[in-house]
1. Can you tell me what percent of all Cα-Cα pairs in the range 2-137 are more than 20 Å apart?
2. Could you tally the net charge around Glu92, taking each other residue with its Cβ under 11 Å from the Cβ of Glu92, Lys/Arg +1 and Asp/Glu -1?
3. With the cut-off at 1.5 for a/c, could you classify the range 24-97 from its C-alpha gyration tensor as rounded, prolate or oblate?
4. Among Gly114, Ser56, Ile84, pick out the residue whose Cα is farthest towards the positive end of the charge dipole of the chain, where Lys and Arg carry +1 and Asp and Glu carry -1 on C-beta, about the Cα centre.
5. Hey, got the dipole for the range 8-139? About the Cα centre, +1 on K and R Cβ, -1 on D and E Cβ, debye to the nearest 20?
6. Peptides 34-43, 52-61: what's the order by average Cβ count within 10 Å, highest mean first?
7. To the nearest 500 deg cm²/dmol, what mean residue ellipticity at 222 nm is calculated for the chain from DSSP H runs of n ≥ 4 alone, each contributing -39,500 (n - 2.57), summed and divided by the residues?
8. With a cut-off of 8 Å between alpha carbons and a minimum separation of six or more residues, what is the relative contact order of the range 2-137 in percent?
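We did not get these values from a lab; they are worked out from the coordinates using the rules stated. Worth saying up front: this structure is predicted, and the values here are computed from it rather than measured. In this analysis, Cβ positions are derived from the backbone assuming ideal geometry, glycine residues included, and neighbour counts consider all displayed protein chains.
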Amino acid sequence: MLDTLYRQLIMDHAGHKRNHREMEEGSHLYYKNPTCGDVMTLYWKWDEEGRLEDISFVGEGCSISMASCSMMTEMTKGKSYEEIAALRDGVESLIRKGEETGDVDLGDALSLAGVHRLRARHNCALMPWQALDKAFLDN
C-alpha cells in the first residue's frame, strides 16, 4: 500500500513539476547526470537574510530525476544554506544507505526511499542535489 502511494507521489511530481520554469533574476547552473544523460538547469536567488528566496529548474529526464527536482525545489525554498545542507545530507542518506535521519523533515522526498534498492538509479534521485552541490553547497 505504501509503495503504491509513493509511486503515485513520484509520478505526480514527475507529471506536474513544481517550480518548473526559467528565472531571469538570480543565478543558474546547467547540470548533466553523469550516468544517464538526464539534464537540468537550476535557477536560484537568495534574499537579503540569507534564505533561498526562489528556486526553479528546467530539464528533461526520467520520472525519478524530474520528480526529485520538483521535490527539491519545494523542500529548499525559503531555507537557509545550513538548512539546505542538512536536507541534502538527509536525502543522500535515504538514497545511498536506505536510512532516514530524524534530524530533517524530508517530506515528499521520502517517496524516493525505494530507489535505495536500485543502485543504478541513485544518481537519478540525487541529480538536483548534486547540482546544488556544484551551485552553492560546495562553496
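1. Working: 3588 of 9180 pairs.
More than 20 Å apart: 39 percent of the Cα pairs in the range 2-137.
2. Numbers: positive: Arg88, Arg96, Lys97; negative: Asp89, Glu99, Asp133.
Once positives and negatives cancel, what remains is 0.
3. Working: a/c = 2.31, a/b = 1.26, b/c = 1.84.
Oblate shape, in that a/c is at least 1.5 and b/c is the bigger or equal ratio.
4. Of Gly114, Ser56, Ile84, it is Gly114.
5. Values: 15 positive and 23 negative charges, 147 e Å.
With only Lys, Arg, Asp and Glu charged at Cβ, the dipole is about 700 debye.
6. Details: 34-43: 17.2, 52-61: 19.5.
Result, highest mean Cβ count within 10 Å first: 52-61, 34-43.
7. Details: 4 runs with 51 residues, N = 139.
Counting only the DSSP helices, I get -11500 deg cm²/dmol.
8. Relative contact order of the range 2-137: 26 percent.
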